[in-house]
Each structure stands twice: as structure tokens, then as C-alpha cells.
Amino acid sequence: MAINKIQSESINLADTFAFTGTVTGAGGVNTPAFMAYNGADQTIANTTVTQITFTESYDSDSAFASNTFTVPSGKAGKYWIGANLMFYNTAGDLNMAIVYVQKNGSQALYIREQADSNIWYQKGIHVFGTLDLAVNDAITVSVYIQQGSGTTTVNDGASESFFHGYKIIT
């Protein structure tokens, strides 16, 4: 004779569960996802908006090309997007820098850093945030600087100047 017992208790989320059936509605994937870095020092013109050149590091959905992430078909939604740029001025005379994340050529996210009493030889700037993106929206990174003298570059290298993003699970 089978005995059925129903016991009322809460689930301890610290326990380990072994499921023998199919679990649905749990987890998800954060794709598309991409990471690109500045592969060579890039000279930035004074008081001019300059698009940054990137080399792809990884790209889950082949959506990154020509320095641009383009939302693939069927992948509209909320995205986490960020960029980190390391600036270097040969004369230590960089006064101000703005890093823009642009959506279809228009400013979507930006951060402005202004030197106080000291001007910069080297300055790292990071901009990040969430964006609602539709299919075929194009995301790029550009900068604007003001310098007194010298030459300003965005440093190369995956650890210093990079552009990344992924779709947020909703």
C-alpha cells in the first residue's frame, strides 16, 4: 500500500536539487555579447569628435564589425554597454575629454572629465549604462578632447581601451 505524505515547508535556496525532468523558465543567456579593444594607439585631433577604432576580441553573434555593434535580427531589448579609454598627452596638457557611446550616430551615453588645477599626461575614462536597442541599431564610441599642446592618443591594448556589451536577460 502506497502512503502519500504532504509536508508544508519552505524551500532552502542553499540546498542542492537534482531534477530528473525538464526545468523551464530558469536562467538564460546574455547574448549577443561582444568585446573589442583598441589595437593601436590612435591620435585624437583637438576639439574634434573622433570615432574610436576597435579590434574584435569576441563576438557571440557576429554583430560587431567596422568599429560598430549592430543589434541582430530577433535580438532587440535592453543592453549593458560600456567603454573604457586611456588617454595620453605627450606634453601633459590634456584639459578635458568626453567619451560618447553613440546610438545610430546620436549621443546615447557620455561622460565628461575636466581637469581642475592639474592637467593630465594620462587619464582613464569609463562610460557605461543600459540602452533600449532595436534591431539594426548601431552602437559606436567617439571622443572629444581639449588640449593645450602636445599630441593626445587613446592607448592601445585590451586592458586599457575597450568597448563591450551584452543583452540583459529580462
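Tabulated data for the structure shown
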item: Residue in region 81-88 that is touching a residue at least 60 places away in the same chain (Cβ under 8 Å), open to solvent by less than 50 Å² (accessible area, probe 1.4 Å) and over 12 Å from the mean Cα position of the chain (by Cα) present; result: yes
item: Residues located in region 28-59, provided they are touching a residue at least 40 places away in the same chain (Cβ under 8 Å), more than 27 Å from Gly92 (Cβ to Cβ) and either among the hydrophobic types (A, V, I, L, M, F, W, C) or open to solvent by 50 Å² or more (accessible area, probe 1.4 Å) (or both); result: Gly28, Val29, Asn30, Ala33, Phe34, Met35, Ala36, Ser57
item: Thr151 vs. criteria open to solvent by 50 Å² or more (accessible area, probe 1.4 Å), under 17 Å from Phe34 (Cβ atoms) and of a type in the set (Ser, Thr, Tyr); result: no
item: Selected residue [out of contact with any helix residue (DSSP H, G or I) (no Cβ under 8 Å at 6 or more places or on another chain), at pLDDT below 85 and closer than 30 Å to Thr130 by Cβ] from Gly77, Gly25; result: Gly25
item: Selection count, region 56-71, where residues are over 13 Å from the mean Cα position of the chain (by Cα) and of a type in the set (A, V, I, L, M, F, W, C); result: 3
item: Criterion violated by Gly77 - all others in (1) more than 28 Å from Gly150 (Cβ to Cβ); (2) open to solvent by 40 Å² or more (accessible area, probe 1.4 Å); (3) among the small types (Gly, Ala, Ser) satisfied; result: (2)
item: Boolean, Ser117 is modelled with pLDDT of 95 or more, loosely packed, with under 15 Cβ neighbours inside 10 Å and in a loop (DSSP other than H, G, I, E, B); result: no
item: Residue within region 56-76 that is within 19 Å of Asp137 (Cβ to Cβ), of a type in the set (Val, Ile, Thr) and touching a Leu at 6+ places or on another chain (Cβ under 6 Å) present; result: yes
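The values are calculated or read from the model by the stated rules, or taken from the named source; none is laboratory data. All values derive from a computational prediction rather than experimental measurement. So basically every Cβ, Gly included, is an ideal-geometry build from the backbone, and we count neighbours across all protein chains shown. Quick note on the areas: whole protein, heavy atoms, side chains included, nothing else; ligands and nucleic acids left out. Shrake-Rupley method; radii C 1.70, N 1.55, O 1.52, S 1.80 Å.
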